[in-house]
Amino acid sequence: MVKCRCLVAVVALGIASFAQTGQNQSTPSQPSSPPLYKNPNAPIPDRVADLMNRMTLQEKVAQLFPNRNGGLLDTTGTFSNMSPMQIFRQFNDMRNPLSPRKGAILRNAERRYQIEKTRLGIPNFAFGEALHGSMQYGATMFPMPIGLASTWDPKLMVQVYTVAGNEAAATGINQVFAPDLDLGRDPRWGRTEETFGEDPYLVRAMGLAEIRGLQGPSYRIDPRYHVLATAKHFVAHGAPQGGTNTAPVNVAERSLRENFMVPFQAAIEQGHAGSVMASYNEINGVPDHINYWLLTKVLRQEWGFDGYITSDGDGLQMLVERHHSAANYADAARLALHAGVEYDLSNGDVYRTLLQQVQNGRIPEQEIDQAVKHVLTEKFRIGLFDHPYVDVNAAAHALNTPAHRQVALQAARESMILLKNQNNLLPLDPARFKHIAVIGPDAEFAHLGGYSRQPFHEVSVLQGIKTLIGAQAQVTFSQGCQITTDVNAHNPSWKAWYDNGYHLPDPAQQQKDIAAAVALAKKSDVAILVIGENESIDREAWSMQHLGDRDHLSLFGDQEQLVKEVVATGKPVVVVLINGRPITINYIAQHVPAIVEAWYPGQEGGTAVAETLFGKYNPGGKLPITFPHSVGDLPDFYNHKPSSVIPWIGTDRKPLYPFGFGLSYTTFKFSNLHLDQPTIGTGGNAVVHVDVTNTGSRAGDEVAEVYIHERVSEVTQPVLELRKFQRVSLNPGQTKSLSFTLTPRDLAQWDINMHFRVVPGAYDILVGGSSDDTQSVPLQVVRR
């Protein structure tokens, strides 16, 4: 079984190992003065060197995987001989969830054991997930990253992930496996929901904001409020063949550098992410976990990465069991360590072989030393030695606070995308629509998406509408149909995401439910259809029993029939999409007058959807990914090459909804687009100015999107490339003048000799509110 970061058995709750292989577990005698590595004022490199000089080979190797020799703490706080998976199930027992306070107590106990009962007192990392909030019981759950990217608001992302880091740190977690910097290049892939979309610059900007929120503003991380970030999955995980998880990726180095590597390079050079996770896939025949060029030549030597590289969960085992690039675990360990992987994120069976291989001369000890140096550096950076314990009483009140809920609500609001609003049906007026039918399989329960846990507070779409409307109108619900039977009152969405398999509803019952929904729609003044996907069909496919990729993007099951029959009633219809990837909604786009894309909107999503539908909030989100007409359109990302223009029979190659698209209840105008200088040198900056005016009658948000295109280039360039953006709020009639500075790095390309430089020539600078609705100004770049 392959499961991402799947030491999930121990990792997801941060309960790692509690003893270190080869260390004397009796309390050591106290020296007359503490060693240098215990001096919090000493430079980190000196502390690392001092500690490594005291370590045995066995103690060094023990730093490179989660050790279990001393046992694991179970939920009673005592050591147990149970397997990590058995303990994981105990910790995830829905009937007895692990409280934040108890989690803090157990992590404190873990560290106390390591510090006081082992020879050198080296604490282990306590790992956690933070894809869209700290993945632990009670924590604040934000919209999925595909929704967060729809905000186009990096400042808000810093707030979101500051909350995630605060909540993780408060309970003793000190490293999280986030951000996900994959490009979502194939929406069939079930992990599209985990990405910030298809564009390298947008993913870069959002990823940098996430790292800033998680790690804090300085290089030295304050463990009271922040955690170590892990940039994943390095690299090109989001473009698998056929859209199936862990499948091969065959792309040239040029494409890697132009697209997939862009967010990671920024995460290292600008964000100073403390860790990088290798990805499951192979690139051009070489699995990423043993790709020396990728992990050492590029990541370390070219970009200067000084953190540590971890495998993905069971990623080293995959070298033997799926890639067949290593004959056994010992070979896998030797290949991966040499390539640059320094931590075995699994049960440790692969890197457990390192000790004997060094002793037998098959692996040079210098490779062990290099890996241990990087791991220890990040432990000192996060303050594991100096501030190992957390305040358990504070932890009890640190999660899902009113302030954190407000951030989640604002994130959900800003993620709402208005895709269609024919004849201004939205916002709905309760005075006009006195009988409101809420219909659909995604209305009754909150849908959080993958890598979630049960928050202390959540609002479904149905609940959000009922709360907002109150006594103003009658709100009646009908399920209409089911997507699968896995999400229900007894099995929340996060649990359905984790469970193996999916279960289809009874066909006869489906028809009865559709008939009931149609009858309700006929008696109502307006029908709000809440449809899309759920967490049992839209998720990471980590085994043959846990699937999540799709071979088509149409509405799953009987939802299309439900929509058509409700539309046939002649009543006004609004569709709200709850999903983690683009859906081919051709019938809906043609026949339904109003469509809102809500994605998986997080714990406050129901409130945000209701506010959007009834005009309490004016939607301003923009698509971070292209909506195709069908899977036959794939690949369908906006920044394609100019030769990719010939349509299929009966099509025009235009997407259903383009990248960067999103409407509003007001209107905007871009004007006065100009440059400071129409001609610059190859080392100069191009300063772009544009005015944005709210020409409507409501306050609203617009996103100014700045693209570039070189007209003629020896190395073909995309038709458009996003380079800057800014979300602005404008009152009716208000104009804001915006300025953007395009630096040489923004204009540079990989030339014919694979040198990254600004190429002289004629460029177009394009600005607008969508990739398909821009105005342009010419820029001439000359050699100087």
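The values are calculated or read from the model by the stated rules, or taken from the named source; none is laboratory data. Computed from a predicted model, the values in this text were never measured in an experiment. Cβ sites come from the backbone with ideal geometry, for glycine too, and all protein chains shown count toward neighbours. When the accessible area is computed, the model is the full protein with side chains, heavy atoms only, and any ligands, DNA or RNA have been set aside. Shrake-Rupley method; radii C 1.70, N 1.55, O 1.52, S 1.80 Å.
If you check Gln159, Gln90, which single one turns out to be outside any loop (DSSP other than H, G, I, E, B) and at pLDDT below 95?
Working: Gln159 fails: at pLDDT below 95.
Answer to the selection: Gln90.
What residue, among those in region 307-321 that are assigned to a loop (DSSP other than H, G, I, E, B) and among the acidic types (Asp, Glu), is surrounded by the fewest Cβ atoms within 10 Å (Cβ to Cβ)?
If we filter region 307-321 for residues that are assigned to a loop (DSSP other than H, G, I, E, B), which is where we start, we get 307, 311-314.
Restricting the remaining residues to those that are among the acidic types (Asp, Glu) gives 312, 314.
Numbers: Asp312: 29, Asp314: 25.
Here the answer is Asp314.
How many residues does region 284-301 contain that are open to solvent by 10 Å² or more (accessible area, probe 1.4 Å) and either in contact (Cβ under 8 Å) with a residue 60 or more places away in the chain or of a type in the set (Val, Ile, Thr) (or both)?
Within region 284-301, residues that are open to solvent by 10 Å² or more (accessible area, probe 1.4 Å) and either in contact (Cβ under 8 Å) with a residue 60 or more places away in the chain or of a type in the set (Val, Ile, Thr) (or both) number 3.
Return the pair list, or none, for Cβ contacts closer than 6 Å from residues in region 115-137 that are touching a residue at least 40 places away in the same chain (Cβ under 8 Å) and open to solvent by less than 10 Å² (accessible area, probe 1.4 Å) to residues that are part of a strand (DSSP E or B) and of a type outside the set (Phe, Trp, Tyr), at least 6 apart or on different chains.
Phe125/Gln175; Phe127/Gln175; Gly128/Val176; Ala130/Val176
Could you grab the pairs with beta carbons closer than 9 Å, sequence gap of 6+ or different chains, first residue in region 693-704 and under 20 Å from Asp153 (Cβ atoms), second one assigned to a strand (DSSP E or B) and among the aromatic types (Phe, Trp, Tyr)?
From residues that are under 20 Å from Asp153 (Cβ atoms), the pairs are Asn694/Phe668; Gly700/Phe668; Glu702/Phe668; Glu702/Phe670; Val703/Phe725; Ala704/Phe670; Ala704/Phe725; Ala704/Phe740.
Residues of region 383-409 being out of contact with any helix residue (DSSP H, G or I) (no Cβ under 7 Å at 6 or more places or on another chain), within 29 Å of Gly147 (Cβ to Cβ) and either aromatic (Phe, Trp, Tyr) or in a loop (DSSP other than H, G, I, E, B) (or both), which ones?
His397, Asn400, Thr401
Return the total of residues in region 262-279 being open to solvent by less than 20 Å² (accessible area, probe 1.4 Å), touching a residue at least 60 places away in the same chain (Cβ under 8 Å) and among the aliphatic types (A, V, I, L, M).
Result for region 262-279: 5.
Tell me, please, whether a residue that is open to solvent by less than 10 Å² (accessible area, probe 1.4 Å) and of a type in the set (Asp, Glu) can be found in region 702-709. Reasoning before the result, please.
If we filter region 702-709 for residues that are open to solvent by less than 10 Å² (accessible area, probe 1.4 Å), which is where we start, we get 703-708.
Filter again for of a type in the set (Asp, Glu), leaving 705.
Yes.
Would you mind finding the one in Glu560, Glu565, Glu597 that is under 25 Å from Leu428 (Cα atoms) and either open to solvent by less than 30 Å² (accessible area, probe 1.4 Å) or touching a strand residue (DSSP E or B) at 6+ places or on another chain (Cβ under 7 Å) (or both)? Reasoning before the result, please.
Working: Glu560 fails: either open to solvent by less than 30 Å² (accessible area, probe 1.4 Å) or touching a strand residue (DSSP E or B) at 6+ places or on another chain (Cβ under 7 Å) (or both); Glu565 fails: either open to solvent by less than 30 Å² (accessible area, probe 1.4 Å) or touching a strand residue (DSSP E or B) at 6+ places or on another chain (Cβ under 7 Å) (or both).
After applying the criteria, what remains is Glu597.
Could you list, in sequence order, all residues of region 340-356 that are closer than 12 Å to Asp314 by Cα and buried (at least 19 other Cβ atoms within 10 Å of the Cβ)?
Start the filter on region 340-356 by keeping residues that are closer than 12 Å to Asp314 by Cα, which leaves 343-351.
Once the filter is applied, which keeps residues that are closer than 12 Å to Asp314 by Cα and buried (at least 19 other Cβ atoms within 10 Å of the Cβ), region 340-356 yields Tyr343, Asp344, Leu345, Ser346, Asn347, Gly348, Val350, Tyr351.
Kindly provide the set of residues from region 695-709 that are over 12 Å from Val767 (Cα atoms) and not charged (D, E, K, R), ordered by number.
Thr695, Gly696, Ser697, Ala699, Gly700 - these are the residues of region 695-709 that are over 12 Å from Val767 (Cα atoms) and not charged (D, E, K, R).
Among (1) open to solvent by less than 60 Å² (accessible area, probe 1.4 Å); (2) in a loop (DSSP other than H, G, I, E, B); (3) touching a strand residue (DSSP E or B) at 6+ places or on another chain (Cβ under 7 Å), which single condition is Val688 missing?
Of the numbered conditions (1) open to solvent by less than 60 Å² (accessible area, probe 1.4 Å); (2) in a loop (DSSP other than H, G, I, E, B); (3) touching a strand residue (DSSP E or B) at 6+ places or on another chain (Cβ under 7 Å), the odd one out for Val688 is (2).
Cβ-Cβ below 6 Å, separation at least six or inter-chain, first residue in region 421-447 and acidic (Asp, Glu), second open to solvent by 10 Å² or more (accessible area, probe 1.4 Å) and not in a loop (DSSP other than H, G, I, E, B): which pairs?
Glu444/Leu462
How many of the residues in region 711-750 are under 26 Å from Ser150 (Cα atoms), open to solvent by 20 Å² or more (accessible area, probe 1.4 Å) and touching a Gly at 6+ places or on another chain (Cβ under 8 Å)?
3
Could you check how many residues of region 162-188 are in a loop (DSSP other than H, G, I, E, B) and within 18 Å of Gln215 (Cβ to Cβ)? Spell out how you get there, then give the answer.
We begin by selecting, within region 162-188, every residue in a loop (DSSP other than H, G, I, E, B); these are 171-174, 177-179, 181-188.
Imposing the further condition that a residue be within 18 Å of Gln215 (Cβ to Cβ) reduces the set to 171-174, 177-179, 181.
Matching residues across region 162-188 total 8.
Criterion first (part of a loop (DSSP other than H, G, I, E, B), at pLDDT below 95 and either open to solvent by less than 60 Å² (accessible area, probe 1.4 Å) or of a type outside the set (A, V, I, L, M) (or both)) does Gly304 satisfy it?
No, not satisfied.
Criterion first (part of a helix (DSSP H, G or I), at pLDDT 95 or above and under 27 Å from Val758 (Cβ atoms)) does Ala236 satisfy it?
Against the criterion (part of a helix (DSSP H, G or I), at pLDDT 95 or above and under 27 Å from Val758 (Cβ atoms)), Ala236 does not qualify.
Being more than 30 Å from Thr244 (Cβ to Cβ), of a type outside the set (D, E, K, R) and open to solvent by 10 Å² or more (accessible area, probe 1.4 Å) narrows it down to one residue among Ala104, Ala170; which is it?
Working: Ala104 fails: open to solvent by 10 Å² or more (accessible area, probe 1.4 Å).
None of the other options fit; the residue is Ala170.
Pairs, please: C-beta under 7 Å, at least 6 apart or cross-chain, first residue under 18 Å from Asn360 (Cα atoms) and in region 327-342, second among the aromatic types (Phe, Trp, Tyr) and open to solvent by 10 Å² or more (accessible area, probe 1.4 Å)?
Close Cβ pairs satisfying both conditions: His338/Tyr292.
Residue-by-condition table, conditions (1) under 23 Å from Ile221 (Cβ atoms); (2) open to solvent by less than 10 Å² (accessible area, probe 1.4 Å); (3) in a helix (DSSP H, G or I); (4) not acidic (Asp, Glu):
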{"residue": "His323", "(1), (2), (3), (4)": "no, no, no, yes"}
{"residue": "His338", "(1), (2), (3), (4)": "no, no, yes, yes"}
{"residue": "Val358", "(1), (2), (3), (4)": "no, no, yes, yes"}
{"residue": "Leu376", "(1), (2), (3), (4)": "yes, yes, yes, yes"}
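From the residues in region 114-147 that are in contact with a Pro (Cβ under 9 Å, 6 or more places away or on another chain) and part of a helix (DSSP H, G or I), which one is nearest to Val461 (Cα to Cα)?
My answer is Gly147.
Tell me, please, whether a residue that is assigned to a helix (DSSP H, G or I) and either open to solvent by 30 Å² or more (accessible area, probe 1.4 Å) or of a type in the set (Phe, Trp, Tyr) (or both) can be found in region 207-217.
Going residue by residue through region 207-217, those that are assigned to a helix (DSSP H, G or I) are 207-215.
Right, trim to either open to solvent by 30 Å² or more (accessible area, probe 1.4 Å) or of a type in the set (Phe, Trp, Tyr) (or both) and you get 208, 212.
So far as region 207-217 goes, yes, one or more of its residues are assigned to a helix (DSSP H, G or I) and either open to solvent by 30 Å² or more (accessible area, probe 1.4 Å) or of a type in the set (Phe, Trp, Tyr) (or both).
Just give me the residues in region 537-574 being polar (S, T, N, Q) and either over 17 Å from Ile436 (Cβ atoms) or assigned to a helix (DSSP H, G or I) (or both), in sequence order.
Here is the first cut: in region 537-574, the residues polar (S, T, N, Q) are 543, 545, 554, 559, 561, 569.
Passing the criteria: Ser543, Gln545, Ser554, Gln559, Gln561.
List the helices (runs of 4 or more DSSP H) inside region 431-523, counting only whole elements, that have at least 3 residues being open to solvent by less than 10 Å² (accessible area, probe 1.4 Å) and within 19 Å of Val573 (Cα to Cα). Spell out the reasoning first.
On the way: elements: 461-469, 493-498, 507-523.
Result: 461-469, 507-523.
Any idea how many residues of region 360-374 are open to solvent by less than 10 Å² (accessible area, probe 1.4 Å) and in a helix (DSSP H, G or I)? Please lay out each step first, then the result.
From region 360-374, those open to solvent by less than 10 Å² (accessible area, probe 1.4 Å) are 363, 368, 371-372; that's our starting set.
Applying the additional criterion that residues be in a helix (DSSP H, G or I) yields 368, 371-372.
Total meeting the criteria: 3.
Answer yes or no: is there a residue in region 618-628 that is modelled with pLDDT of 95 or more, open to solvent by 60 Å² or more (accessible area, probe 1.4 Å) and not polar (S, T, N, Q).
no
Please indicate, with yes or no, whether at least one residue in region 751-759 is free of Cβ contacts under 8 Å to residues at least 12 places away in the same chain, exposed (fewer than 15 other Cβ atoms within 10 Å of the Cβ) and out of contact with any strand residue (DSSP E or B) (no Cβ under 9 Å at 6 or more places or on another chain). Steps first, please.
In the first step, residues of region 751-759 are kept if they are free of Cβ contacts under 8 Å to residues at least 12 places away in the same chain; the result is 753, 755.
Pick out the ones that are also exposed (fewer than 15 other Cβ atoms within 10 Å of the Cβ) and you get 753, 755.
Of the ones still in play, those that are also out of contact with any strand residue (DSSP E or B) (no Cβ under 9 Å at 6 or more places or on another chain) are 753, 755.
Yes: region 751-759 contains one or more residues that are free of Cβ contacts under 8 Å to residues at least 12 places away in the same chain, exposed (fewer than 15 other Cβ atoms within 10 Å of the Cβ) and out of contact with any strand residue (DSSP E or B) (no Cβ under 9 Å at 6 or more places or on another chain).
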